[in-house]
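Below is one structure, written out as structure tokens; comments come after it.
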Amino acid sequence: MLASPPMQAVVLAGGLATRMRPRTLTVPKAMLEVAGRPFIEWQLEKLASCGFDDVVLCVAFLAEQIRDHVGEGARFGVRVRYSEEGPTLLGTAGALRAALPMLAPTFLVTYGDSYLPFDYAEPLRVLDAHDDCRGVMSIFANHGAWDESNTQPDATGAWVERYEKKRPELRFSHIDYGAIALRREVIEGLPAGVPAGLDVIQSELARAKLLRAVEARDRFFEIGSPEGLETLDRWLASHVTSHVPHTTPERT
């Protein structure tokens, strides 16, 4: 039996985290303590438990602290590599373009301040199973509850019909949950060294009917604000009892 190919996750962890200042003036957001541990530990172990064994960390501000703490990632159950943005922040899509030499043919993208209580591998499995799309976005029926809804699935729920940031008047039902699977070709078409946002790519894929959807059932968590960090701190303390990565499931 042939071994399953590695599953790759790319974590965008290079932002300045201005809403978390003054703490993030000297500590990168990924290293903020949550439920007694640096947040990056929770995130890497969650990815490992979902079957990911290859993680690319896109880093910039205070990146050396993340490198020194995480190292090659073995103690968290993954292999970690680093893509440096350099002195000019490139935005979420620009950071992916800078990491292009490390990207697998298909990969999952998530954010360095998000913790998602779902199977991170599901969008990647759906992408690998369908050749009629270039991306698969995880979505959540938010209805404006946790943040501004920005996503509208089609009637079947299998496709993202529209994705628009900062358009509350559209009254969309869902929100981008924070994990999207992409084909490397989507990033290959971007110009190198030019700042760009992943939201633009998501909008374009939705308009072209090339963005499938998978729906998450539980609310998302984030540490981008003091309130968000405190909420996740309480949730992790009460819900997660083990830090040992699960056995890697077979990829089909």
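The values are calculated or read from the model by the stated rules, or taken from the named source; none is laboratory data. Note that the coordinates shown come from a computational prediction; the quantities given were computed from them, not determined experimentally. Counting neighbours? That spans all protein chains shown, and the Cβs are built from the backbone with ideal geometry, glycine included.
Which residues, counting only those in the stretch 147-182, are of a type in the set (Ser, Thr, Tyr) and closer than 23 Å to residue 106 by Cβ?
Filtering the stretch 147-182 for residues of a type in the set (Ser, Thr, Tyr) gives 149, 151, 156, 163, 173, 177.
Correct list: 151, 156, 163, 177.
Filter the stretch 32-41 for residues that are surrounded by fewer than 22 Cβ atoms within 10 Å (Cβ to Cβ) and under 18 Å from residue 14 (Cα atoms) and give the result.
The answer is 32, 33, 38, 41.
Report yes if some residue within the stretch 123-136 is buried (at least 22 other Cβ atoms within 10 Å of the Cβ), touching a strand residue (DSSP E or B) at 6+ places or on another chain (Cβ under 6 Å) and part of a strand (DSSP E or B); otherwise report no.
yes
Give me the strands (runs of 3 or more DSSP E) completely within the stretch 158-232, filtered to those with at least 3 residues that are crowded, with 22+ Cβ neighbours inside 10 Å, ordered by residue number.
175-183, 211-216
Could you say which residue among 191, 153, 195 is of a type outside the set (D, E, K, R) and modelled with pLDDT of 95 or more?
Among 191, 153, 195, only 153 is of a type outside the set (D, E, K, R) and modelled with pLDDT of 95 or more.
Can you name every residue in the stretch 40-65 that is modelled with pLDDT under 95 and under 15 Å from residue 111 (Cβ atoms)?
Passing the criteria: 59, 60, 61.
When you scan the stretch 66-75, do you find a residue that is aliphatic (A, V, I, L, M) and in contact with a Lys or Arg (Cβ under 8 Å, 6 or more places away or on another chain), even just one?
Just the residues of the stretch 66-75 that are aliphatic (A, V, I, L, M), to begin with: 66, 70, 74.
If we keep only those that are in contact with a Lys or Arg (Cβ under 8 Å, 6 or more places away or on another chain) too, we end up with none.
Checking the stretch 66-75: not a single residue is aliphatic (A, V, I, L, M) and in contact with a Lys or Arg (Cβ under 8 Å, 6 or more places away or on another chain).
Quick one: in the stretch 1-16, of everything that is aliphatic (A, V, I, L, M) and modelled with pLDDT of 70 or more, which residue is surrounded by the fewest Cβ atoms within 10 Å (Cβ to Cβ)?
Looking at residues that are aliphatic (A, V, I, L, M) and modelled with pLDDT of 70 or more, I get 16.
Considering only residues that are crowded, with 19+ Cβ neighbours inside 10 Å, modelled with pLDDT of 95 or more and not hydroxyl-bearing (Ser, Thr, Tyr), which ones fall in the stretch 78-92?
78, 80
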